[in-house]
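Enquirer: Structure incoming, see below.
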Amino acid sequence: MSEITVAREGAATLAFVEGLHGALAELAQGAPHITEDDLSLFSLAVIEIATNIAVHAPQGGPAVSLSVELSAGDELRAVLRDSAPPVHLDLTATTTMADALAESGRGLAIAAAVCDELSVERRQGNLWRLVRRVGPHAV
């Protein structure tokens, strides 16, 4: 089975995040072996993380850049790189769902719930990795 990769790069804005829907649709077209459920859940995680990057990007300084690489083969993978100051998160502590009445705070928890792997490294910005395994052994 061949692997397909789709990449996008731009300023970390909500408009850029909106454009990722097209990249995810392109990935889906090139990976007919991936189920709609797997693609939908993976897309949700990618959009949640990208939205967090855009919403929490520092304002008033240089624009934060965001590059996104999506791939589908034996699993679905996303690598998101941003130029924002390093995030200081303990993903094990921040991946619980927010209170039902909270207006925000669900993005990381949703991404963690639908991905087999979710990590962030602090390297000249932040490097996010998301993996969703597909098939009978999936989440």
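The values are calculated or read from the model by the stated rules, or taken from the named source; none is laboratory data. What you are looking at is a predicted structure, and each value in this text was computed from that prediction instead of being measured. Cβ sites come from the backbone with ideal geometry, for glycine too, and all protein chains shown count toward neighbours.
Enquirer: Among the candidates Ser43, Ser67, Ser2, single out the residue that is surrounded by 13 or more Cβ atoms within 10 Å (Cβ to Cβ), of a type in the set (S, T, N, Q) and within 20 Å of Val134 (Cβ to Cβ).
Expert: Numbers: Ser67 fails: within 20 Å of Val134 (Cβ to Cβ); Ser2 fails: surrounded by 13 or more Cβ atoms within 10 Å (Cβ to Cβ).
Step by step, each of Ser43, Ser67, Ser2 is checked, and only Ser43 is surrounded by 13 or more Cβ atoms within 10 Å (Cβ to Cβ), of a type in the set (S, T, N, Q) and within 20 Å of Val134 (Cβ to Cβ).
Enquirer: Something else now. Given the conditions (1) among the polar types (S, T, N, Q); (2) modelled with pLDDT of 90 or more; (3) farther than 17 Å from Arg123 by Cα, report the number of the one that Ser83 does not fulfil.
Expert: (3)
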